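Accompanying notes for the structure given below.
The values are calculated or read from the model by the stated rules, or taken from the named source; none is laboratory data. Only a predicted model underlies this, so the values are computations on that prediction, with no experimental measurement involved. FYI the Cβ positions are ideal-geometry reconstructions off the backbone, even for glycines, and counts take in every protein chain you see. We work out accessible area using only protein heavy atoms, side chains counted, and drop any ligands, DNA or RNA first. Shrake-Rupley method; radii C 1.70, N 1.55, O 1.52, S 1.80 Å.
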Amino acid sequence: MSLVTLLPFVVLIGAMFLMTRSAKKKQQAAADMRNQMQPGSGIRTIGGMYATVKEVNDDTILVDAGPGVELLFAKNAIGAVLTDDEYNRIVHGVEHDLKTDVVPDDASSLTETDESADEAAAASDDKPVDLGKKDESADEAEPAAEAAEAKTDDEPKKTDGDSDAK
């Protein structure tokens, strides 16, 4: 047999080896993550439920999902072990260590000095800006709309049981 004939088989075996190797790494990382669970850790199940670990056994864990709600899960059903900050942010809505810097609403304050920004703010307060759209066609459309309303008001209202069908 020639080398050219064996080359596709060698490439195929090499690709299979690389794919199984990466899958084994992912499985090992997931197993390590599940072994790091301790009572009090926040978790997310593969179904998307957030809970706190109460007890860890060999193949199962007992979680506290709320006041008086304890659930027993297989360790394989745990999707992620969360940090305390991440768990509190997701479950309780508690933001921790927020930055105090706030992005301004307009970009001009990023390029101007403090003095020129104060002057621009004072100048903009003097004249209110009218953002309304002024169109001549809008003035013409108003009488047409009023005429359509008057026409519908002139027609008699139908009551239950009355119909004009023949």
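Here are the numbers:
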read-out: Portion, in percent, of the accessible area of segment 1-68 that falls on carbon or sulfur, probe 1.4 Å; value: 64 percent
read-out: Using θ = phi - 60° and Karplus 6.51 cos²θ - 1.76 cosθ + 1.60, couplings along segment 15-32 (whole Hz; Gly, Pro as x); value: 5, 5, 4, 5, 5, 5, 5, 5, 5, 5, 5, 5, 5, 5, 5, 5, 5, 4
read-out: Among GLN36, VAL63, ALA80 - extreme Cα towards positive end, dipole of segment 36-90, charges at beta-carbon; value: ALA80
read-out: Rounded to the nearest 10 Å², the accessible area of GLU95 at probe 1.4 Å; value: 100 Å²
read-out: Packing-based order for 77-84, 33-40, using average beta carbon neighbours within 10 Å, highest first; value: 77-84, 33-40
read-out: Around LYS54: net Lys/Arg minus Asp/Glu count, Cβ-Cβ under 12 Å; value: -3
read-out: Distant-in-sequence amide H partners of ALA80 (H built 1.01 Å from N, under 5 Å); value: ARG44
read-out: For THR60, distant residues with modelled amide H under 5 Å away; value: LYS75
